[in-house]
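Below is one structure, written out as structure tokens; the observations come after it.
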Amino acid sequence: MPVIKVVEKCKDCEGTGLYIGMAEKGGAAVVCHTCKGTGCREFIHEYEKFTGRIDRTDVKRVYLANPGISIGEGNGYVLEDFGGMSYEEWKQGKEFAPGTENRKCTCPAWWYQTVDYDKKPNWKECSSTWGTSFSQCKNFSTKEMCWKRWDEEYGY
């Protein structure tokens, strides 16, 4: 396995071998715990050369992001309910197009705050009360209308 070794100046003590922190005052110093007083440290990085992406056998569906909710099968949900695409489509390089968002559980503002902030709608109808969650928006129960509006405004 290839190894990269670098002897570098210790960043904690700036190469002096002595550390002065919040508790060391009036000329006091302690031996740097990082470099043990040498002023340098040896950085060693052992790595495996990349030869290509490795297939997974435990993944059925891939999502562009997860905005902080539990996704998976169960409780009446199937993987497609959360948007995304099949693992095979993802492996083939298919783009995440409109419709692959998690539209069943999120609104456009929630989704795009995570995925692409430039596409996050800033509609006056959206709940904007500081400290509230997207699911507390008065329009969240009809979020399919928000998705329809988002599609129209972004040309999808």
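Things worth noting here:
- Remark: relative contact order (region 1-127) = 19 percent; criterion is Cα-Cα distance under 8 angstrom and separation of 6 or more residues.
- Computed on region 61-153, with alpha-carbon pairs under 8 angstrom and 6+ residues apart, the relative contact order is 24 percent.
- Note that region 85-156 shows a convex hull volume over its alpha carbon atoms of 102 Å³ per residue.
- Degrees between helix 143-153 axis and first principal axis of the chain (Cα, 0 to 90, nearest 10): 80
- Aspartates and glutamates whose Cα lies under 12 Å from that of residue 143, excluding same-chain neighbours fewer than 8 positions away: 125
- Of 47, 117, 19, the residue with the greatest mean-square motion in the GNM of the chain, using alpha carbon springs below 10 Å, is 19.
- Placing unit charges on the Cβ atoms of the charged side chains and taking the dipole of the chain about its Cα centre, the candidate lying farthest along the positive direction among 15, 43, 63 is 15.
- Difference of contour (0.36 nm per residue) and Cα-Cα distance, residue 44 to residue 135: 28.1 nm
- From the largest down, the chain spans 66, 45, 34 angstrom on the principal axes of its Cα atoms.
- Rg and Dmax of region 16-88, based on Cα coordinates, read 25.3, 67 Å.
- Candidate lysines - alpha carbon under 18 Å from residue 138, same-chain residues fewer than 8 apart omitted: 104, 120, 124, 148
- For region 3-46, the spread of Cα positions along each principal axis, largest first, Å: 42, 14, 13
- Residue of 80, 24, 95 that the Gaussian network model of the chain assigns the largest fluctuation, springs spanning Cα pairs under 10 Å: 24
- Across region 3-46, C-alpha contacts under 8 Å between residues 6 or more apart give a mean separation that, scaled by the residue count, equals a relative contact order of 53 percent.
- Here the spin labels are modelled as points 7 Å beyond Cα on the Cα-Cβ line, and at residue 91 and residue 22 they lie 5.1 nm apart.
No value in this document is a laboratory result; all are computed from the given coordinates. The model shown is predicted, which means the values in this text are computed figures rather than measured ones. Note that each Cβ is placed from the backbone with ideal geometry, even for glycine, and that neighbours are counted across all protein chains shown.
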